[in-house]
Structures are given as C-alpha cells and as structure tokens.
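The values are calculated or read from the model by the stated rules, or taken from the named source; none is laboratory data. Computed from a predicted structure; not experimentally measured. Here the Cβ positions follow ideal geometry from the backbone for every residue, glycine too, while neighbour counts run over all protein chains shown.
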C-alpha cells in the first residue's frame with residue numbers, strides 16, 4: 001500500500017530533543033503541521049500560510065531558516081497481520097531529501113544519505129499486526145559538510161560536492177537558492193511472500209519489420225530455501241493480444257532468454273512514425289503460486305550513437321531502428337525548485353508542449369534529478385527521445401572517498417535499473433561540463449590539484465553500464481570529444497556547447513589555453529552561431545523575459561519596471577550586461593518594461609531561429625540542436641522557451657517553424673545574396689515549388705521568384721539565390737518583408753527581414769481584435785500597416801495559444817485559438833493585443 005498519510009511535520013533545533021522521544025509511537029503530535037507526501041517542507045509551510053510564497057519578491061531569502069533546522073515527518077499505518085515465516089515487510093521510499101533516519105514503532109531501522117535514489121528497508125521484525133507508527137528525521141545539511149574538505153571548484157557553492165542532492169537547489173544561474181528537505185517521492189509498504197523479483201531487464205537487440213529479438217533477464221531474492229521458482233513472461237500488444245508468452249525456470253536466482261517477436265510494431269519518435277508501446281508483464285511464481293509481478297509499457301526499438309559515418313568521417317548521430325535522427329529539442333531542468341510538489345499534469349503539459357513544436361529529444365540535465373516516472377511515461381507515450389545525464393554538474397567530486405563512492409555506486413545502480421526498460425531513453429551521459437571546465441579552470445589557475453571525480457565518469461559508470469545496460473550508448477560528459485589540440489568543446493568531434501553567444505566565450509580554444517571572454521556586442525551576438533560547425537549542438541541559447549502575467553504575479557506592487565531591484569532579482573546570471581549587449585546589437589537597448597519584454601523575446605526568438613536554421617542547413621554534418629533550456633524552475637528571467645507559469649515565450653512559437661521536419665530557410669547577411677534552402681528530415685522525398693515573395697511594408701508585392709524543389713528524404717538542398725538589388729527593386733532593405741512558401745508539399749511559411757530590428761523602419765500601424773469566447777478564438781487583423789511581433793496576452797497561467805508573436809501584413813488576419821488544458825475559462829475582458837509598432841488593442 002502507498003502510505004499517503006495523513007502526514008505531519010515539525011522542526012527543532014539540532015539536539016533540542018532526543019530522537020527516540022520524537023520517534024516514539026505514542027508521541028502527542030496533535031500540534032504538528034499537516035503535510036503532503038510526496039512533497040517537501042517548503043510546500044507544506046506555504047500551504048498552511050506559515051511562510052510567504054518564496055517566489056514572490058525577495059521572499060526566497062526569508063525561507064533560509066528552513067535549511068538550518070532538524071525536520072521530522074510522522075504518520076501511522078495499519079497491518080492486518082504480522083509476517084509469516086517466509087514473508088517480509090519492506091518499506092520503500094522513492095525519494096528522501098536528503099540525510100534521513102527512519103524509525104518504525106520507535107526503532108531506528110536505517111538511514112539514507114542520497115536524494116537521488118530510492119531506499120528500501122526490511123521492517124519485518126519491527127512491524128506488528130494492527131497500528132504502527134512511522135517517523136523520519138531529516139538532518140540539516142550543514143551537519144554533513146561542515147567538517148568536510150572543500151575543493152577548489154564547485155560552481156555556486158562549495159558545500160555540495162559531498163552531498164548527493166539536486167545541485168540546482170543550492171542556486172544556479174537561472175534559479176535561486178532553495179535548499180529543500182522532506183519526503184519528495186512516494187512511500188510504499190510492500191508485503192513479500194517467499195521471494196521477490198529483482199532486476200527485470202528487456203533490451204531490444206535486433207528489430208526489423210519481420211522480426212525483433214528481445215534479450216530478457218530477471219533475478220529474484222528468495223525468502224524460502226529451495227523454493228522452485230519460475231517466471232512467466234508475456235508481451236501484450238495494444239489490442240490486448242499476447243505476441244510472446246513463455247515460462248522460464250529460475251536457476252540460482254536468475255533467468256535469461258532471447259524472446260522472438262514476429263512482425264513487430266516498432267517504437268519511433270513522433271516525427272518518424274508511431275511511438276507504439278506493448279505491455280511487458282512478468283510474474284514470479286514459487287511452487288506454482290504468484291508471489292510478485294512487474295508490469296511496464298515497452299517499446300521495441302534499437303538505438304545507436306554513430307560516431308563515424310560510412311565514409312569514416314566523425315559524426316554524432318543517433319540512429320533509431322536503423323534510421324538517422326536529426327535531434328531537435330531542448331534541455332530539461334526540474335519544473336520547480338520544490339521538486340516533490342511538481343504535479344503530474346505539469347510534466348504531461350511540458351512534454352506535450354515540446355511535441356507540439358516538433359521536438360523529438362529532451363536532455364535531462366545533470367544538476368537536477370533522475371526524473372520521476374511520469375516524465376519517462378510521457379516521453380515513451382509521446383515519442384520523445386531522452387538524453388539522460390548522471391547527476392554530476394560543474395564541480396569536483398571526492399572519488400577518493402570510499403563512502404562517497406559506495407553512495408554513488410548505489411545511486412547509479414538504482415537509477416539504471418529503474419530506467420533501462422524505457423523506449424525513450426537514448427543515451428546515458430556521465431556529467432555536465434565537468435571535463436571541459438576542469439581544463440579551462442586549470443588553465444586559468446583556479447584549479448591546481450587533481451581532477452577529482454574523473455574516475456566516476458570514465459571508470460565507475462561505464463563499468464556498471466557494461467553490466468546493467470550494455471546495449472545503450474554512453475557518453476562520458478557534455479560537451480566531450482577532442483581532435484588534435486582542441487579542447488573537449490571541439491566542433492570536429494563529439495557534442496558541443498556554444499556559449500560564445502550570450503556568455504561571450506572566445507573560440508576556438510586549445511587544451512591548456514587560458515579561457516577568454518569577450519563582453520562586447522560582437523562577442524555575445526547570436527550571429528556567431530554561423531561560425532559554429534558543431535557535429536551536435538547540445539547546449540546553446542540566450543535569455544528572454546518571462547511573460548507579463550508570470551512577472552506581475554511575482555513582483556511587488558510598484559516594482560514592475562525596467563531596471564527595478566525586483567526585476568534584477570529575477571535574473572540570476574553572473575553578468576546582467578550580457579543581455580543588454582545582445583539587445584544593443586540587435587533591437588537597441590530597451591527604455592521601459594514593455595520594450596524589455598518585447599526586445600528580449602524577439603532577440604531570443606530570432607537568435608534561436610538564426611542558429612538552428614544554420615545547424616539544420618548543415619545537417620550533412622550537424623546532427624542535433626538542443627536549446628538551453630525548455631522550462632523554468634521558478635518565475636525568473638532565463639534561457640527558457642517556456643516560463644514557470646507554463647506560458648511559452650516567443651521563441652517557442654518560432655520553434656513551430658524552425659523545428660518543423662520540413663524547413664524553408666533564407667540564408668542572408670546584409671549586402672549579400674539571398675539563398676533559399678529546403679531541409680527535409682522526413683523519410684520520403686519532396687517535390688514541388690518554393691516561392692520567394694518580397695513585400696513592401698504597405699503590402700505591395702515588389703518581387704517574386706519561384707524555385708523548383710526536388711529533395712530526397714533526410715537531405716538538404718540549396719534551391720537558388722537572388723541578389724539584394726534584384727529583390728529590392730529600388731526599395732530600402734530595412735523596409736521589406738520576405739516570405740518563403742511551398743507548393744506541392746507541406747511546410748510552414750517563413751518570414752524574414754533583411755536588416756536587424758534597430759535598422760528597420762516600421763510604419764505606424766493599428767490592430768483590430770475580435771473575440772469569440774464560445775469558440776475560444778480571437779481574430780486579429782492588421783487594419784493599417786504591417787504589424788511586427790503581434791502579441792496576445794491574458795492573465796492566466798498555462799494557457800495554450802495556437803499562435804502568438806507573429807507578423808501581419810496590411811489587411812492580413814490571423815485566427816488564434818486559446819484554451820486551458822484543465823478547461824479553465826480565461827477572463828476575455830482582460831485580453832491585450834499589441835505589436836512592436838501597434839499599441840494595445842481591446
């Protein structure tokens with residue numbers, strides 16, 4: 001049974017009370033605080049009004065006292081009868097944050113020291129028939145790091161290398177310090193009879209339309225000597241029909257077999273086919289009696305990481321069922337700093353949003369957690385590949401300490417066993433940026449000692465994976481891979497993080513060279529993406545403001561203005577000047593909050609479009625583009641495409657086009673010719689026509705060219721080019737709009753300007769919006785002049801707009817559907833429609 005409570009919590013000073021007093025079954029806890037499990041202390045205190053919402057204003061600073069206290073959780077549970085001779089009672093915690101001691105009926109049964117894994121305790125000798133008590137004590141973290149060695153490098157705080165906890169809780173450059181504590185995963189009491197299953201593993205080693213071979217293995221732990229055990233294995237299709245059914249004998253606690261599936265339905269990413277899922281059902285029988293079972297959705301597919309192409313050239317290409325995949329997606333961080341309180345609907349909604357803009361891969365970043373099952377459920381169901389980092393981010397770690405390494409070993413084993421049957425899981429990765437940054441910081445003199453932690457990513461993890469999950473690719477770090485003298489962020493080998501844009505990193509860089517930063521307009525501009533010939537772009541991006549509703553909801557009255565202390569508090573990056581420089585070079589520097597929201601969003605959207613179109617045009621070489629980052633963990637200013645209130649930014653709507661499997665793109669720099677490209681990620685060839693049309697801002701067609709388009713599947717073609725002089729027909733380059741459109745095949749139209757916004761002379765324009773509440777629709781029309789960056793806003797979180805942040809030619813209309821996934825009706829009277837050059841309408 002799941003122990004859902006009621007749970008209660010209370011805090012004490014360290015040493016204030018004897019543990020056995022607070023763990024005692026008969027303790028009077030009537031005056032303790034009610035709490036939800038799964039959850040955390042912060043969320044419980046927020047719900048009871050004991051602390052102010054920590055994301056409002058500077059309230060996060062007012063919550064720091066929580067991490068200094070000792071916290072206790074208590075609940076009770078009832079058992080019908082005590083364990084028989086060959087039975088066991090197990091208490092399973094899916095998530096304990098972080099240093100915990102567990103007490104049942106006043107007895108200490110064990111401890112935990114790792115947030116990032118599950119913990120199981122045998123309580124057979126303690127549990128009793130009838131009423132039982134359960135108490136969990138959480139230590140403040142300082143007790144476990146104050147006497148530890150501090151290393152030369154640990155980004156954002158020196159306390160975390162010894163602590164196996166989500167690194168982002170200590171603060172990152174996109175979120176505050178919010179050191180959580182509590183029971184963040186589900187708690188189960190399991191009654192075992194005779195034996196239990198351990199380590200069910202099913203790996204597709206071959207798959208074709210005719211036949212699939214699945215390597216199946218399972219183990220058991222027996223509680224009865226000489227028990228005759230068998231395993232029943234059944235693979236069931238979506239119609240409920242068994243396609244494989246067999247019974248295997250357990251020999252010395254293990255069994256394995258190759259299962260043959262005739263004419264299988266394969267699992268594909270949503271853009272290449274159907275993410276078809278079978279049900280794998282495994283039953284453990286002892287002396288003919290079922291004593292345990294395991295059920296999971298299972299996708300038949302093969303996944304490989306090709307590091308060389310057929311011609312022997314370096315590549316970094318994911319291959320699904322023998323088909324090359326261009327990885328389009330983003331990096332995933334926890335959807336809230338308060339990880340235990342994240343709703344399943346939030347996970348479901350974020351993955352749905354990713355799929356709606358054609359993303360087929362999400363990278364689970366190393367500074368969060370190994371995500372909850374619901375995340376992988378949704379990626380399996382919706383056809384999204386997962387790049388899974390192990391939880392080591394931007395620090396040195398004490399791999400010389402045996403206790404630490406034992407802890408890490410248990411963490412790796414636990415999570416690999418939990419996730420290895422997932423169809424969506426495409427890659428294990430050892431760490432985030434550690435190999436790369438160790439070299440840079442050593443060259444800069446910030447680190448003078450050994451590479452502590454190196455053996456984890458290059459020895460421990462790969463050796464465990466060889467045993468536990470040998471058929472899935474492993475990559476030691478991200479970025480990683482060097483050729484010649486280049487550092488591991490080498491465009492010619494492996495994957496690459498591009499932080500020239502935004503952070504101003506100067507590249508190329510050789511091993512051992514001191515890192516350089518160029519904080520200038522030229523140093524941070526997104527035009528530097530065009531200099532990047534990466535094989536796989538696994539991190540890149542730039543800031544944009546959160547949406548108006550998200551900011552106004554969390555900023556005190558009178559502080560919602562550009563340059564306010566509260567707006568500065570929303571930005572956790574190290575140097576706020578970077579965003580100013582980026583806008584200065586592209587849109588111009590904003591003068592007020594409206595311009596800041598618009599300019600930063602436009603810069604991010606157009607910048608990602610510029611970079612991703614470049615990467616995709618070069619898909620003979622570049623095989624993936626994962627934006628930093630998809631989502632936010634709090635309502636701040638960050639690199640995210642979707643803000644904390646699940647409201648997409650402008651870049652998200654642009655992604656409907658720049659991540660579309662069929663991409664029309666215009667390659668152009670001021671004064672140069674206009675090159676028309678067609679990128680086809682689909683398996684089938686395309687045949688048709690692409691038209692380039694040039695409009696004046698008055699809506700007049702001043703030039704039109706047609707290009708024949710015959711492009712094979714999974715390829716790219718330069719269709720043709722035209723000179724600026726030819727397409728402008730005497731007009732100024734800052735006063736025209738270019739549109740690319742396809743005929744004969746489906747592809748979204750693309751719109752472009754020949755100059756940056758600060759060099760474009762937009763006309764005075766007027767918008768008209770008509771609301772149709774019964775249909776959940778708004779019709780927006782440009783009544784006068786071209787309107788740039790039309791923005792629809794309603795004060796409600798998690799709203800889905802069918803389109804937003806788009807341009808309208810004079811007289812052009814756009815119908816926008818607006819809905820809330822939970823059916824909440826927005827206040828249509830609060831609708832606000834505006835453009836860069838058109839004041840608010842309605």
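Being out of contact with any strand residue (DSSP E or B) (no Cβ under 6 Å at 6 or more places or on another chain) and either at pLDDT 95 or above or under 30 Å from residue 479 (Cα atoms) (or both), is that true of even one residue in segment 276-284? Among the residues of segment 276-284, not one is out of contact with any strand residue (DSSP E or B) (no Cβ under 6 Å at 6 or more places or on another chain) and either at pLDDT 95 or above or under 30 Å from residue 479 (Cα atoms) (or both), which makes the answer no. Here residue 812 clears all of (1) over 20 Å from residue 648 (Cβ atoms); (2) modelled with pLDDT of 95 or more; (3) buried (at least 19 other Cβ atoms within 10 Å of the Cβ) except the condition numbered (3).
Against the condition out of contact with any strand residue (DSSP E or B) (no Cβ under 9 Å at 6 or more places or on another chain) and under 30 Å from residue 680 (Cβ atoms), how does residue 263 come out, does it pass? Explain how you work it out, then say what you get.
Values: out of contact with any strand residue (DSSP E or B) (no Cβ under 9 Å at 6 or more places or on another chain): no; under 30 Å from residue 680 (Cβ atoms): yes.
The answer is no for residue 263.
Matching residues to (1) in a strand (DSSP E or B); (2) without any contact (Cβ under 8 Å) to a residue 40 or more places away in the chain:
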site: 225; (1), (2): no, yes
site: 239; (1), (2): no, yes
site: 243; (1), (2): yes, yes
site: 248; (1), (2): yes, yes
site: 259; (1), (2): yes, no
site: 279; (1), (2): yes, no
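The residues of segment 132-159 that are touching a strand residue (DSSP E or B) at 6+ places or on another chain (Cβ under 6 Å) and not in a loop (DSSP other than H, G, I, E, B), listed by number, are 132, 133, 134, 135, 136, 137, 138, 144, 154.
Which one of 51, 9 is over 28 Å from residue 568 (Cβ atoms) and at pLDDT 95 or above? First the steps, then the outcome.
Values: 51 fails: over 28 Å from residue 568 (Cβ atoms).
From the options 51, 9, the qualifying one is 9.
Might you let me know whether segment 819-830 holds any residue that is surrounded by 15 or more Cβ atoms within 10 Å (Cβ to Cβ), in contact with a strand residue (DSSP E or B) (Cβ under 9 Å, 6 or more places away or on another chain) and closer than 30 Å to residue 700 by Cβ? Among the residues of segment 819-830, not one is surrounded by 15 or more Cβ atoms within 10 Å (Cβ to Cβ), in contact with a strand residue (DSSP E or B) (Cβ under 9 Å, 6 or more places away or on another chain) and closer than 30 Å to residue 700 by Cβ, which makes the answer no.
Number of residues in segment 16-46 that are more than 16 Å from residue 178 (Cβ to Cβ), in a helix (DSSP H, G or I) and touching a strand residue (DSSP E or B) at 6+ places or on another chain (Cβ under 9 Å): the value is 4.
Of all the residues in segment 21-40, those that are surrounded by fewer than 13 Cβ atoms within 10 Å (Cβ to Cβ) and either within 31 Å of the chain's Cα centre (by Cα) or under 28 Å from residue 80 (Cβ atoms) (or both) number 4. Considering 742, 749, the condition of being surrounded by 19 or more Cβ atoms within 10 Å (Cβ to Cβ) and on the phi < 0 side of the Ramachandran plot is satisfied by 742 alone. Counting only residues that are in a strand (DSSP E or B) and buried (at least 20 other Cβ atoms within 10 Å of the Cβ), segment 64-82 holds 6 of them.
Filtering segment 737-751 to residues that are in a strand (DSSP E or B) and closer than 18 Å to residue 668 by Cα leaves 737, 738, 739, 740, 741, 750, 751.
Going by the conditions given, is residue 740 modelled with pLDDT of 95 or more, in contact with a strand residue (DSSP E or B) (Cβ under 9 Å, 6 or more places away or on another chain) and within 26 Å of residue 599 (Cα to Cα)?
Working: modelled with pLDDT of 95 or more: yes; in contact with a strand residue (DSSP E or B) (Cβ under 9 Å, 6 or more places away or on another chain): yes; within 26 Å of residue 599 (Cα to Cα): yes.
Answer is yes for this residue.
I'd like the residue in segment 299-323 that is within 22 Å of the chain's Cα centre (by Cα) and part of a strand (DSSP E or B) and, out of all such residues, is farthest from residue 266 (Cα to Cα).
316
Taking the criterion of being within 17 Å of residue 139 (Cα to Cα) and surrounded by fewer than 21 Cβ atoms within 10 Å (Cβ to Cβ), the residues of segment 87-112 that qualify are 101, 108, 109, 110, 111.
Just for segment 568-601: of the residues that are assigned to a helix (DSSP H, G or I) and touching a strand residue (DSSP E or B) at 6+ places or on another chain (Cβ under 6 Å), which one is farthest from residue 328 (Cα to Cα)? Steps first, answer last, please.
Residues of segment 568-601 assigned to a helix (DSSP H, G or I): 568-569, 577-586, 593-601.
Applying the additional criterion that residues be touching a strand residue (DSSP E or B) at 6+ places or on another chain (Cβ under 6 Å) yields 600-601.
On the way: 600: 23, 601: 20 Å.
Among those residues, the one meeting the criterion is 600.
When residue 563 is tested against (1) under 21 Å from the mean Cα position of the chain (by Cα); (2) not in a helix (DSSP H, G or I), exactly one condition is not met: (1). Across segment 182-200, the number of residues qualifying as touching a helix residue (DSSP H, G or I) at 6+ places or on another chain (Cβ under 9 Å) and surrounded by fewer than 18 Cβ atoms within 10 Å (Cβ to Cβ) comes to 2. Every residue in segment 702-736 that is outside any loop (DSSP other than H, G, I, E, B) and within 35 Å of the chain's Cα centre (by Cα), please. Listed by number, the residues that qualify are 711, 715, 716, 717, 718.
Any chance segment 474-495 includes a residue that's surrounded by 19 or more Cβ atoms within 10 Å (Cβ to Cβ), within 30 Å of residue 792 (Cβ to Cβ) and in contact (Cβ under 8 Å) with a residue 40 or more places away in the chain? Even if it seems obvious, please write down each step before you answer.
First pass over segment 474-495, keeping only residues surrounded by 19 or more Cβ atoms within 10 Å (Cβ to Cβ): 475-482, 487-491, 493-495.
Those still in the list that are within 30 Å of residue 792 (Cβ to Cβ) too: none.
Checked segment 474-495: no residue is surrounded by 19 or more Cβ atoms within 10 Å (Cβ to Cβ), within 30 Å of residue 792 (Cβ to Cβ) and in contact (Cβ under 8 Å) with a residue 40 or more places away in the chain.
Of all residues in segment 777-796, those that are outside any strand (DSSP E or B) and closer than 18 Å to residue 551 by Cβ total 3.
Confirm whether residue 191 is part of a loop (DSSP other than H, G, I, E, B) and over 34 Å from the mean Cα position of the chain (by Cα). Explain how you work it out, then say what you get.
Values: part of a loop (DSSP other than H, G, I, E, B): no; over 34 Å from the mean Cα position of the chain (by Cα): yes.
In short, no.
State whether the residues of segment 140-159 include one that is within 18 Å of residue 24 (Cα to Cα), at pLDDT 95 or above and either in the same structural domain as residue 227 (by TED's automatic domain parsing) or surrounded by 19 or more Cβ atoms within 10 Å (Cβ to Cβ) (or both). Within segment 140-159 (the criterion being within 18 Å of residue 24 (Cα to Cα), at pLDDT 95 or above and either in the same structural domain as residue 227 (by TED's automatic domain parsing) or surrounded by 19 or more Cβ atoms within 10 Å (Cβ to Cβ) (or both)), the answer is no, since none of the residues qualifies.
Looking only at helices (runs of 4 or more DSSP H) that lie completely in segment 375-473, which have at least 3 residues being outside the structural domain of residue 271 (by TED's automatic domain parsing), within 30 Å of residue 356 (Cα to Cα) and in contact (Cβ under 8 Å) with a residue 40 or more places away in the chain? If you could, list the steps in order and put the result at the bottom.
On the way: elements: 402-419, 434-443, 461-468.
Once the helices (runs of 4 or more DSSP H) in segment 375-473 are filtered for at least 3 residues that are outside the structural domain of residue 271 (by TED's automatic domain parsing), within 30 Å of residue 356 (Cα to Cα) and in contact (Cβ under 8 Å) with a residue 40 or more places away in the chain, what remains is 402-419.
This table checks each residue for (1) on the phi < 0 side of the Ramachandran plot; (2) in contact with a helix residue (DSSP H, G or I) (Cβ under 8 Å, 6 or more places away or on another chain); (3) surrounded by fewer than 13 Cβ atoms within 10 Å (Cβ to Cβ).
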{"residue": "202", "(1), (2), (3)": "yes, no, no"}
{"residue": "210", "(1), (2), (3)": "yes, no, yes"}
{"residue": "219", "(1), (2), (3)": "yes, no, no"}
{"residue": "223", "(1), (2), (3)": "yes, no, no"}
{"residue": "228", "(1), (2), (3)": "yes, no, yes"}
{"residue": "243", "(1), (2), (3)": "yes, no, no"}
{"residue": "253", "(1), (2), (3)": "no, no, no"}
{"residue": "259", "(1), (2), (3)": "yes, no, no"}
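How many residues does segment 687-701 contain that are in a strand (DSSP E or B) and without any contact (Cβ under 8 Å) to a residue 60 or more places away in the chain?
Step one: list which residues in segment 687-701 are in a strand (DSSP E or B), which gives 687-696, 701.
Narrowing the set further to residues that are without any contact (Cβ under 8 Å) to a residue 60 or more places away in the chain leaves 687-694, 696, 701.
Matching residues across segment 687-701 total 10.
Are any of the residues in segment 536-543 assigned to a helix (DSSP H, G or I), surrounded by 15 or more Cβ atoms within 10 Å (Cβ to Cβ) and either more than 22 Å from the chain's Cα centre (by Cα) or in contact (Cβ under 8 Å) with a residue 24 or more places away in the chain (or both)? Checked against the condition, which is being assigned to a helix (DSSP H, G or I), surrounded by 15 or more Cβ atoms within 10 Å (Cβ to Cβ) and either more than 22 Å from the chain's Cα centre (by Cα) or in contact (Cβ under 8 Å) with a residue 24 or more places away in the chain (or both), segment 536-543 yields no hits at all.
Taking segment 707-723, which residues are under 16 Å from residue 676 (Cβ atoms) and surrounded by fewer than 16 Cβ atoms within 10 Å (Cβ to Cβ)?
Scanning segment 707-723 gives 708, 710, 715, 718, 723.
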